[in-house]
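**Q** Below: one structure in C-alpha cells.
Please treat every number below as a calculation from the coordinates, not as lab data. Please read these numbers as outputs of a predicted model, since none were measured by experiment. Note that we place each Cβ from the backbone using ideal geometry, even for glycine, and neighbour counts take in every protein chain shown.
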Amino acid sequence: MSLRLERPPQSLKPIRGHLRKPLPHSRRDRPTVAVLPFLDLRQSGGEEHLCEGLAEEVLQALNRVEGLWVISRTTSFLYEGSGRSLAEVGRRLHADAVLGGALLDKGQDLTLRAELVEVEADRVIWSSSRTFMRKDLFDTLEEFIHGVARALQCVPPIRPKLHIDLGAYEFYLRGRHYYYRFSRQGMAFAAQMFRRALELDSGYASAWAGLANCAAYSYIYIERTENQRELAESCSRRALELNPDLAEAHASRGVALSAAGLTAEAEEAFETALRLDPNLYEAAYFYARHCFAAGKPERAIEYFEWAAALRPEDFQAILLVAQVYHSLGVEDEAERARRQGLALVEERLQRVPDDVRARYLGANALVALGERDKGLAWARMARSMDPDDPMLLYNLGCIHALAGDPEESLDCLNRAVAAGLSQKNWFVHDGDLDSVRSHPRFQDLMTRLED
C-alpha cells in the first residue's frame, strides 16, 4: 500500500516505498557532542529535576547549532552517576566531545562548573566556573552554551534571554516530569506544580502552557467539563500573550484548540510551533495525535515519525505510529515500528519498572506481534498499578480486542468512558478496535459518546 504526505518537511526522505519520515541529519563530517546531567551538589538538598533541566537547556541550545550533532537526551542521560570518566562515556556513545558539570551552593549564591572533554585525546578543551546570584542563572547558562559552541568551532545559537525565577523553574520541571506519565494522578500533580511555578512567577509562559496542556488532557480523558475546556483555552492564550515567539506556547494552543474540536485552528497552531522550532518533540507528537483523531492517518504517521526521530529513545511515538500503520494495512511498517518500540519499552522498564504507560503500550505491541500470553500478563501488571485510570482502561480495551477477547475489551472500554474518557474520534479511527467494531455493545457505546 502506498501512502502520500500532503506537505512533507524538507528533512523527509523515502522509506521502503511507503511513507516518508523525518530523520536526524547525518553525523558524518559533524562533530558529535554528548551532554550529561549536571551533578547537584547543593547542600540545600535540591532535586535532580533542576540539574537535569539545566543540562537539557544546554542540549537543546546546542541542537540548534549548525554543523553540530547532539546525542539525544535519554541516550546520554543513561550515564548519570555511572562513575565513568567523561572520555569513557564519550567512547561508549561514539561522541567526539562530552560536556559534564555540577551545581553548588556558595552562601546565598550558586556556582556552576562545567568542562568539555575531547574524547579521543582525553583532554579538557573548555572549562568554566561561575558564581552568580540565583536570578542570573540563565545568563550564566547562556555564557556556558556560547563557550561550548566556540570550543567546538561552531557559531553559538542566537536565543532570547530567559528571565525566570529559579524556584518557578524547578516547579515547572517537576510538572513536566509528572505530565509525561499521561495518567490521571500524574496530571493532577503536574497541574499543581505548574500552579506553584506561576505563584512564584506569573509571567512564566512555559508554565502557563503546561497548565493548559493539563487542562486539555483532563477535558479529553478525565473530566469533560466547560471549566477544563475554558482553562485550557485561557492558559494557552495567556502563554502566547506573554511570549508569542515561544514554540511551546503555540503547541499548547494547538492542544487546547484540538480538545475544543477546532481542527483547522489547531493545525495552524501546531504548524506555527514547528516552524518556530522544528526540534520541539511536543509539537510533532501532539500534532500527530490530533491528526489521527481528526481522521488524517497519513498526516498522523508523518508527525509521529517526526516525533520519533526527534527522540529516538522515546517508546510512545513509535508504538503509536505502529497502530496507525496497522489501521491502514501497512503491516510491514507496523511490525517494524512495534519491534523498535518494544525494545525501547523493555529498556525503559529496566530503569523504571512501575512505568504504567510503558507497560500497557508494550503489552499492546506484544499481543500484536503474536506474544499473546506475555502481552496479557503485562496488561494485568499495568492494571494492578492504576486500575481506574481512563487512558489505561482504553488501552486495555485495545489490547483485549487484539487478543480476541471482545467482552473483556468492551468491559474496559465502557469503564474508560465511565471514568471520563470522551474522545470519540479515537474510538472511530483506532484500528486496534476493528474486531469489536460491529459488536452491539460497541455500537451502543458509540451512541453514548459525545462528538
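**Q** Please compute, over every Cα-Cα pair in the chain, the percentage with a separation greater than 38 angstrom.
**A** 23 percent
**Q** Classify the range 166-251 as rounded, prolate or oblate, taking a ≥ b ≥ c as the square roots of the eigenvalues of its Cα gyration tensor: rounded when a/c is under 1.5, otherwise prolate if a/b is larger than b/c and oblate if not.
**A** It is oblate, given that a/c is not under 1.5 and a/b is not larger than b/c.
**Q** Here's something else I'd like to know. So what is the 222 nm mean residue ellipticity for the chain from helices alone, if each DSSP H run of at least 4 adds -39500 (n - 2.57) and you divide by all residues, rounding to the nearest 500 deg cm²/dmol?
**A** Computed ellipticity for the chain at 222 nm equals -18500 deg cm²/dmol.
**Q** Of the DSSP beta bridges with both residues in the chain, give the percent that are antiparallel, rounding to the nearest 5.
**A** Antiparallel bridges make up about 75 percent of those DSSP assigns within the chain.
**Q** Could you put Trp378, Trp306 in order, starting from the residue whose Cβ has the fewest other Cβ atoms within 10 Å?
**A** Trp378, Trp306
**Q** Work out from phi, with θ = phi - 60° and the Karplus expression 6.51 cos²θ - 1.76 cosθ + 1.60, the ³J(HN,Hα) of each residue of the range 292-306, listed in order in whole Hz, and give x for Gly and Pro.
**A** Whole-Hz 3J(HN,Hα) from phi for the range 292-306: 5, 5, 7, x, 10, x, 4, 5, 4, 4, 3, 7, 5, 5, 4.
**Q** I would also like to ask the following. Charges only on Cβ, +1 for Lys and Arg, -1 for Asp and Glu: so what's the dipole of the range 80-228 about the Cα centre, in debye to the nearest 20?
**A** 340 debye
**Q** Nearest 10 degrees, 0 to 90: what angle lies between the long axis of helix 331-351 and the longest principal axis of the chain (Cα atoms)?
**A** Between the helix axis and the principal axis of the chain, the angle is about 50 degrees.
**Q** A further question on this structure: Can you list which of the GluC sites (Glu not before Pro) found in the range 354-451 are DSSP loop residues with at most 14 other C-beta atoms within 10 Å?
**A** Glu450
**Q** Here's something else I'd like to know. Tell me which residues come under 5 Å, amide H to amide H, from Leu39 once H is placed; ignore anything under 5 positions away on its chain.
**A** Those lying under 5 Å, H to H, from Leu39 are Gly101, Ala102, Leu103.
**Q** For the pair Ala102/Ala343, report the inter-label distance in nm, with labels modelled 7 Å from Cα in the Cβ direction.
**A** For Ala102 paired with Ala343, the spin-label model returns 3.6 nm.
**Q** Taking other Cβ within 10 Å of each residue's Cβ, how do Met381, Met133 sort, fewest first?
**A** In increasing order of surrounding Cβ atoms, one gets Met133, Met381.
**Q** What percent of all Cα-Cα pairs in the range 313-451 falls into each 5 Å bin, going from 0 up to the bin containing the maximum distance?
**A** Percent of Cα pairs in each bin: 2, 11, 21, 25, 21, 14, 5, 1, 0.
**Q** With an 8 Å Cα cut-off and a minimum separation of 6 or more residues, compute the relative contact order for the chain in percent.
**A** The value is 10 percent.
**Q** Taking DSSP loops as anything outside H, G, I, E and B, show the longest stretch in the chain free of trypsin sites (Lys or Arg not before Pro) there with at most 15 other beta carbons within 10 Å.
**A** For trypsin sites (Lys or Arg not before Pro) (loop position, at most 15 other Cβ atoms within 10 Å), the longest site-free span of the chain is 162-436.
**Q** While we're here: What nm value, rounded to one decimal, do you get for the distance between Thr447 and Met133 when each label is placed 7 Å out toward the C-beta?
**A** Using points 7 Å along Cα→Cβ, the separation is 6.8 nm.
**Q** Rounded to the nearest 0.05, what FRET efficiency do Arg380 and Arg92 have when you use their Cβ-Cβ distance and R0 = 60 Å?
**A** So, using R0 = 60 Å, E works out to roughly 0.95.
**Q** Pull out a ≥ b ≥ c, the square roots of the eigenvalues of the alpha-carbon gyration tensor of the range 193-234, then state rounded if a/c is under 1.5, prolate if not and a/b is larger than b/c, and oblate in the remaining case.
**A** prolate
**Q** Apply the Karplus curve 6.51 cos²θ - 1.76 cosθ + 1.60, θ = phi - 60°, to the phi angles in the range 318-327 and return the couplings in whole Hz, x for Gly and Pro.
**A** Per residue, the Karplus-derived 3J(HN,Hα) values read 5, 6, 6, 5, 4, 5, 5, 4, 4, 5 Hz.
**Q** Please determine, in degrees from 0 to 90 and to the nearest 10, the orientation of helix 48-62 with respect to the longest principal axis defined by the Cα atoms of the chain, where the helix direction is its Cα long axis.
**A** 80 degrees
**Q** Each label point is 7 Å from the Cα along the Cα-to-Cβ direction; what then is the distance between the points at Arg275 and Glu226, in nm?
**A** Reported label-point gap for Arg275 and Glu226 is 3.4 nm.
**Q** Next up: If you find the alpha carbon centre of the range 246-291 and of the range 192-237, how far apart are they in angstrom?
**A** 15 Å
**Q** Can I ask one more? Cα axis of helix 372-385 to longest principal axis of the chain: angle in degrees, 0 to 90, nearest 10?
**A** 70 degrees
**Q** Classify the range 216-371 as rounded, prolate or oblate, taking a ≥ b ≥ c as the square roots of the eigenvalues of its Cα gyration tensor: rounded when a/c is under 1.5, otherwise prolate if a/b is larger than b/c and oblate if not.
**A** prolate
**Q** Order of His163, His400, His429, His439 from fewest to most other C-beta atoms within 10 Å?
**A** His163, His439, His429, His400
**Q** Quote the FRET efficiency, to the nearest 0.05, computed for Ile125 versus Glu241 with a Förster distance R0 of 56 Å and r equal to the Cβ-Cβ distance.
**A** About 0.85, to the nearest 0.05.
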